[in-house]
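See below for the structure under consideration.
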Amino acid sequence: MVCTLPPGPPLPGLLQAGLIWFDPVRFAQTCHRRYGDLFTVRVPGIGTLVYLADPADIRSVTRGDPSIFHAGEAAAPLSQIVGTKSLLMLDDGEHRRSRGMMLPAFHGDSVRGQVAEMVAITAEELTRWPVGERFPLYPRMQRLTLEVILRTVIGVRDERRLTALRVALPPMLEIGSPVELIPPPRVLLRFGRWRRRAQRRAAALALLTDEIVRCRADPQLKQRTDALAMLVRSVEDAGAPMADDELLDQLVTLLLAGHDTTATALSWAFERLTRHPALLHRTARAAEDGDDAWLDAVCKESLRVRPVVFEFGRKLTAPVQLAGYRIPAGTILAPSINLVHHSGQHYPDPEEFRPQRFLDQRPDPAVWLPFGGGVRRCLGATFAQVEMRTVLREVLRGVELSPTTAPDEPVRPRHVTMVPRQGAMVTVRRHIAAADRATTA
Ligand code: HEM
């Protein structure tokens, strides 16, 4: 049977790539309006992508046979950063095995055990926030979420080692532009920026390797609650040890997948709240009163209206029948989180920021998919939501933020995430002392 692709813009590949890079929101929305729920885009260096905007089609992909819908292959360009043994790169049996070993560290009970650490880290971060001047929140949130991963996922306590990791890791995780994901010819690796990049990476990996070695030898290993220690222990329990090189790739993966994403999500939550004074006020009260249901609704609505990741990918290992098309093997299907979240069919007034949509009700996983879906759904989804709720609460308990009449910050692509273009500018009106809180509560 002949394979067919859905229609798409008849533009040269490089132009399509440029349009996606410079304005992904407009590009996808324009194609969606013109071609409907499935459209084909060609991006040099990546391949043929079919965007999906219909929840039923997306479900048949996320629920489909994982041996046909390969997420690892679709994410191949990231292997330069995370390594070939990373969970993100694996498919089929290898993926099942590694994910099974990693899951317990990210279950609700394990994550809840990390909340006190998240509270302490947020309190430390707040002491550095200036009063009365506008500043971008995003870099502060990046610092905060990196610290959370260092202490709760890798379990580093020693201040000297923490300092070294804080310096060495961000440059290794910085992708910059998608062009940097294209491997340069080997000969170039000995020169200029490529050489410096390789050196920085080697230095960061050496520090992480040191953490693995220390963890294995730690007499307190059994008592430790961080993800690295749990991984090392689960290796022992399973009887098939996860080798150090795989452990290293998984640590880099957790750093890459778990730090900038959550920092971006938190930045958007504050960007949205400061533009809605009544909601900001209500959320500050909820933080004070311990009204977690409201805080949770704010996080969910923020992830809906400003999803951090716009689409996820599955590369087909065999032709697939979808919405009347027979899509050939080798195509990357790209379920569009952003198009689903902004559809008036699924959300009335989809552009409005309205946390009430999620108050006391579970989101429908077919139309709320900031964390993807199926067997590849984000491993850290619970961790990220607990962290968002905790940081939101502690920030609003610790400082009073000024609302703003500034225009909404546009979305700026930053490799696989979509960040606020100005970095989520905020102004702190005052720091709230614990004594003040006691009197207003
Ligand atoms: C708001 C924050 C976050 C967002 C929006 C987010 C989003 C996503 C998305 C869309 C995927 C792809 C899912 C798919 O293909 O179906 C993913 C995968 C993944 N995420 Fe997250 N993520 C976040 C935080 C985290 C955190 C905190 C961690 C860990 C500390 C993490 C670890 C991972 C891993 C390991 C995968 C790969 C899962 C697999 O392939 O089996 N993420 N995430």
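The values are calculated or read from the model by the stated rules, or taken from the named source; none is laboratory data. Remember, it's a predicted structure, so these values are computed and weren't measured experimentally. Cβ placement follows ideal geometry from the backbone for every residue including glycine, while neighbour counts extend to all protein chains displayed.
Look at the range 95-144 and say how many of its residues are in contact with a Gly (Cβ under 8 Å, 6 or more places away or on another chain), part of a helix (DSSP H, G or I) and not aromatic (F, W, Y). Counting residues in the range 95-144 that are in contact with a Gly (Cβ under 8 Å, 6 or more places away or on another chain), part of a helix (DSSP H, G or I) and not aromatic (F, W, Y) gives 6. Scanning the range 338-391 for residues that are hydroxyl-bearing (S, T, Y) and under 16 Å from the mean Cα position of the chain (by Cα) yields one hit, T382. Sort out which residues of the range 367-387 are part of a helix (DSSP H, G or I) and crowded, with 23+ Cβ neighbours inside 10 Å, and write them in order of number. Within the range 367-387, R376, F383, A384, E387 qualify.
Out of A105, A123, one residue alone is more than 14 Å from the ligand (Cβ to nearest atom), under 23 Å from T382 (Cα atoms), out of contact with any Leu (no Cβ under 6 Å at 6 or more places or on another chain) and among the hydrophobic types (A, V, I, L, M, F, W, C). It is A123.
Among the residues making up the range 283-312, those that are away from the ligand (no atom under 15 Å from the Cβ) and either of a type outside the set (F, W, Y) or within 13 Å of R272 (Cβ to Cβ) (or both) are T283, A284, R285, A286, A287, E288, D289, G290, D291, D292, A293, A297.
Per the conditions (1) small (G, A, S); (2) within 21 Å of the chain's Cα centre (by Cα); (3) under 20 Å from H70 (Cβ atoms), the sole criterion not satisfied by G330 is (2).
Across the range 227-279, the number of residues qualifying as farther than 24 Å from F358 by Cα, at pLDDT 95 or above and part of a loop (DSSP other than H, G, I, E, B) comes to 0.
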